[in-house]
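Scroll down for the structure; my scribbles are underneath it.
The values are calculated or read from the model by the stated rules, or taken from the named source; none is laboratory data. Everything numeric in this text was worked out from a predicted model, so none of it was measured. With ideal geometry, Cβ positions are generated from the backbone for all residues, glycine too; neighbour counts draw on all protein chains shown.
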Amino acid sequence: MRRLPPARLTPFLLALFLLAPPAHALVDPSEMLQNPVLEKRAEAIGRQLRCLVCQNESIEASGASLARDLRRIVRQHVAEGWSNRRVIAWMVQRYGSFVLLDPPFEPLTWLLWASPFLALAGGFGTVLVLRRQPSRPPPPLSAAEKEKVADLLAR
């Protein structure tokens, strides 16, 4: 069997990678709604909801079993005719504002929204305090240390 040299294999693998279809968390077709319009609505709602296991992914992008359960609940409510707002409100009532990938600006989330600015202010404050402190010169060498340095330099 003839092997391709790495220089010829790399473009082939790159093309294969670029042509590959994107992976979706919905691997089970039974999870999807039969009506494409309702399925699109359910996906749009799912992209706004945080996976409570992964925390940085939507329930649509997550493969966690809890995300699968939440996708099923969202699709069930959409199939029952609930509005997008009502489904999201139900999720927030059940799991709190944390379930939203883009939480609202309200008193409970002020610290969450302000934390990047607080971290920057803390960093600048630390730099200012450290720069204001006068640097002390190192203590002079003892006689033993001077002798050791002279010995090292003589070698």
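Below, the figures for the structure above:
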| read-out | value |
| --- | --- |
| Residue within the range 80-97 that is in contact (Cβ under 8 Å) with a residue 40 or more places away in the chain, charged (D, E, K, R) and in the same structural domain as Glu31 (by TED's automatic domain parsing) present | no |
| Some residue of the range 97-116 being aliphatic (A, V, I, L, M), modelled with pLDDT under 90, exposed (fewer than 10 other Cβ atoms within 10 Å of the Cβ) and assigned to a helix (DSSP H, G or I) | yes |
| Restricting the range 62-79 to residues that are of a type in the set (Val, Ile, Thr) and either outside the structural domain of Leu38 (by TED's automatic domain parsing) or within 16 Å of Tyr95 (Cα to Cα) (or both), the residue that is surrounded by the fewest Cβ atoms within 10 Å (Cβ to Cβ) | Ile73 |
| Yes/no for Ser97 being in contact with a Pro (Cβ under 7 Å, 6 or more places away or on another chain) and of a type in the set (Ser, Thr, Tyr) | yes |
